[in-house]
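The values are calculated or read from the model by the stated rules, or taken from the named source; none is laboratory data. On a predicted model such as this, the values are computed, not experimentally measured, just so you know. Positions of Cβ are backbone-derived with ideal geometry, glycine not excepted, and every protein chain shown enters the neighbour counts.
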Amino acid sequence: MKRAIDVEEVSADWLTAALGYTVRSVRSETIGTGQMGSACRLSLEAEQGPQTLIIKGAAGDPSSRRRVAGGYRREVGFYSELADTVAVRSPRCWYAAISDDAQQFTLLFEDLAPRRPGVQAQGCSVAQAQGAIRNLAGLHAPRWNDTALLDLAFLTRSSNPERARFLSEMTVATTTTFVERYREELGPEDVETMLASADMIASWALVLAEPFSLVHGDYRLDNLMFGADIGDVVALDWQTTEVGPPTRDLAYFLGTSLPVAERRRHEQELVGVYCEELQSRGVEDYDFAQCFNGYRIGQLQGPLTAAIGCAYATGERSRDSDAMFLAIARRSCAAIRDLDSLDLIRALT
């Protein structure tokens with residue numbers, strides 16, 4: 001049986017057992033901020049295999065780990081049961097294990113250097129967005145309306161009525177806190193949009209039960225690695241994956257990653273790229289009009305994630321974290337207004 005360890009426990013002997021070949025020595029270097037876990041880059045002296053790997057595991061005290069145990073299960077579940085069934089580019093996983101109580105997990109990944117992560121506050125280019133969107137279609141198309149996803153215990157379905165009520169209560173509470181913290185930076189128009197969106201979350205969660213697929217849940221620039229080739233995009237951090245409307249990932253990515261003026265200028269073209277990519281991968285009976293309506297509805301993912309993410313972030317507040325949350329909130333609120341997303345949800349419920 002595979003054994004999960006904390007990152008600090010890694011050793012040459014453990015790696016030898018995990019990888020199935022002799023590792024003579026290992027050096028580790030902490031990477032990342034450790035908000036939902038801890039990660040290190042490992043430099044290996046070994047008889048075969050890569051010279052460097054990334055190890056990721058749980059972090060924090062027992063109460064912190066219990067709070068995010070569901071995320072640990074989803075990420076390990078993605079790599080151990082789902083990654084090989086989809087065409088999205090994600091890191092090659094050499095080892096995946098989790099304890100029965102989900103207080104410990106261990107993932108060994110390929111080292112993606114020299115690729116570089118996106119930066120939410122800076123946004124991305126239209127060309128980068130195209131690469132990320134094509135990669136996203138590779139996640140959604142292979143499991144499009146696949147009922148076998150509903151049998152996986154570690155996945156939740158976003159259209160569950162009980163979950164929708166819980167999500168609504170959480171979003172209303174955290175949005176109130178968010179707008180009080182950032183009221184001056186947001187301005188009255190964005191504050192109004194965030195509060196109105198929070199009030200619509202229960203309806204929003206249930207409005208698109210189909211089509212459904214495996215969704216990332218937090219597909220944005222900070223969770224993507226970009227190579228020198230525009231099409232070289234790798235998606236990380238699968239702790240929010242679930243079964244839900246595919247266009248929610250698309251809306252969240254475009255609505256929060258492109259500067260507002262660029263999103264307005266290119267969104268029809270980019271939604272078209274996504275729709276065409278789905279069709280090229282075998283999705284049938286799904287046209288641009290359906291896709292664009294789903295894209296409009298999905299924009300509420302932005303303010304929801306900003307509010308909940310800000311409220312439950314375990315890291316210390318910083319200028320960079322403020323810039324990230326504000327970029328998500330401002331851009332998505334502008335998209336909600338531009339696309340009349342709230343009116344469309346009202347019309348459908």
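So is Val76 in contact with a Cys (Cβ under 7 Å, 6 or more places away or on another chain) and of a type in the set (Val, Ile, Thr) or not? When the stated conditions are applied, Val76 does not pass them. Restricting attention to the range 194-213, report how many residues are at pLDDT 95 or above, surrounded by fewer than 23 Cβ atoms within 10 Å (Cβ to Cβ) and assigned to a loop (DSSP other than H, G, I, E, B). Summing the residues that are at pLDDT 95 or above, surrounded by fewer than 23 Cβ atoms within 10 Å (Cβ to Cβ) and assigned to a loop (DSSP other than H, G, I, E, B) in the range 194-213 gives 2.
Let me spell it out: the conditions are (1) in a helix (DSSP H, G or I); (2) free of Cβ contacts under 8 Å to residues at least 60 places away in the same chain, and Tyr79 meets all of them except one. Which number is the exception? The one condition Tyr79 does not meet is (2). Within the range 208-238, the set of residues being of a type in the set (S, T, N, Q) and under 20 Å from Phe154 (Cα atoms) comprises Ser213 only. Test Arg183 against the stated conditions and say whether it is farther than 29 Å from Leu236 by Cβ and part of a helix (DSSP H, G or I). Yes: the conditions hold for Arg183. Within this structure, Ala335 passes the test of being buried (at least 22 other Cβ atoms within 10 Å of the Cβ) and either over 25 Å from Thr156 (Cβ atoms) or not assigned by TED's automatic domain parsing to the domain that holds Glu210 (or both). Among the conditions (1) at pLDDT below 95; (2) loosely packed, with under 14 Cβ neighbours inside 10 Å; (3) assigned to a strand (DSSP E or B), the only one that Glu45 does not satisfy is (1). Taking the range 258-349 and the helices (runs of 4 or more DSSP H) fully enclosed by it, the elements with 1 or more residues that are among the charged types (D, E, K, R) are at 260-280, 288-298, 319-338, 341-348.
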